[in-house]
1. Would segment 111-121 turn up any residue that is surrounded by 15 or more Cβ atoms within 10 Å (Cβ to Cβ), modelled with pLDDT under 95 and touching a Ser or Thr at 6+ places or on another chain (Cβ under 6 Å)?
2. What about Arg45, is it open to solvent by 90 Å² or more (accessible area, probe 1.4 Å) and part of a loop (DSSP other than H, G, I, E, B)?
3. I'd like the residue in segment 143-184 that is open to solvent by 90 Å² or more (accessible area, probe 1.4 Å) and among the acidic types (Asp, Glu) and, out of all such residues, is farthest from Glu197 (Cα to Cα).
4. Here is a list of conditions, (1) assigned to a loop (DSSP other than H, G, I, E, B); (2) at pLDDT below 85; (3) open to solvent by 80 Å² or more (accessible area, probe 1.4 Å), and Val28 meets all of them except one; can you say which number that is?
5. If you take the residues of segment 84-104 that are over 17 Å from the mean Cα position of the chain (by Cα) and open to solvent by 70 Å² or more (accessible area, probe 1.4 Å), which of them is farthest from Val164 (Cα to Cα)?
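The values are calculated or read from the model by the stated rules, or taken from the named source; none is laboratory data. Note that the coordinates shown come from a computational prediction; the quantities given were computed from them, not determined experimentally. Every residue, glycine among them, receives a Cβ derived from its backbone with ideal geometry; neighbour counts consider all protein chains shown. What goes into the accessible areas is simple: the full protein's heavy atoms, side chains included, and nothing from ligands, DNA or RNA. Shrake-Rupley method; radii C 1.70, N 1.55, O 1.52, S 1.80 Å.
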Amino acid sequence: NYLKEFVNGSTSVGASERIFQNRFGRGVLNDKTVSYRESTLYLERPFESAVLSLDTRYWDQTNRNLQNLSLQRLPSLSFTAIPTWIDRLPLYYTMQSSWTDYWRSEGTTGNRLDLFPRLAYPFHWKSYLDVETSAGLRSTSYWVDWREESRDPSPWQGRLLSDVRVDLSSRLNRVYPFEMGPYQAVQHALRPEVIYEYVPEVSQ
């Protein structure tokens, strides 16, 4: 409705478009011919070693003569823990988790819960090789409202995946004298890295 109601004046599409182009280098809206427009609401709450976020996305179909069957994320809630040391142990953990509600007015809908904790053990070999071994376990659960299936599959679906990973890296540094104003040197670094990851083949 914005394109139809705000045609003239300082709040019109054309005036807003010029302001956005001049100040931000982009338009206020997508091209007028697109068939869908996206509305997004994102909220975030950072903690000392984690982030909690809420992401809501809605795609509105501009052609009212067509059925709006877009699968909406209303909403998606995520919790992510950055690498955190475990007290009295040489280990640290990370966590990626999310819950998403998929909705649309017609057709199949559902929910997804995804949990992905990971344990890692980093150590140094001599003075030039960094080694990090880690293992993760990913559990994804789905609840599906099958509205278009002739048969009646189970509304509960899921998968369980494990993986093992080894990261090998090194760091080569050199400092070059470089006097220019307040600067007296330039440091150049190379960080070669090799990663091996194994995920067993399981039915998903």
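1. no
2. Criteria not met by Arg45.
3. Glu179
4. (3)
5. Filtering segment 84-104 down to residues over 17 Å from the mean Cα position of the chain (by Cα) leaves 84-93, 103-104.
Of the ones still in play, those that are also open to solvent by 70 Å² or more (accessible area, probe 1.4 Å) are 85, 87-90, 93, 103.
Values: Trp85: 19, Asp87: 23, Arg88: 23, Leu89: 20, Pro90: 18, Tyr93: 14, Trp103: 35 Å.
So, considering only residues that are over 17 Å from the mean Cα position of the chain (by Cα) and open to solvent by 70 Å² or more (accessible area, probe 1.4 Å), the one farthest from Val164 (Cα to Cα) is Trp103.
Every residue, every condition in (1) free of Cβ contacts under 8 Å to residues at least 12 places away in the same chain; (2) outside any loop (DSSP other than H, G, I, E, B), yes or no:
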site: Ser127; (1), (2): yes, no
site: Glu132; (1), (2): no, yes
site: Ala135; (1), (2): no, yes
site: Trp143; (1), (2): no, yes
site: Glu148; (1), (2): no, no
site: Pro153; (1), (2): yes, no
site: Gly158; (1), (2): no, yes
site: Leu161; (1), (2): no, yes
site: Val166; (1), (2): no, yes
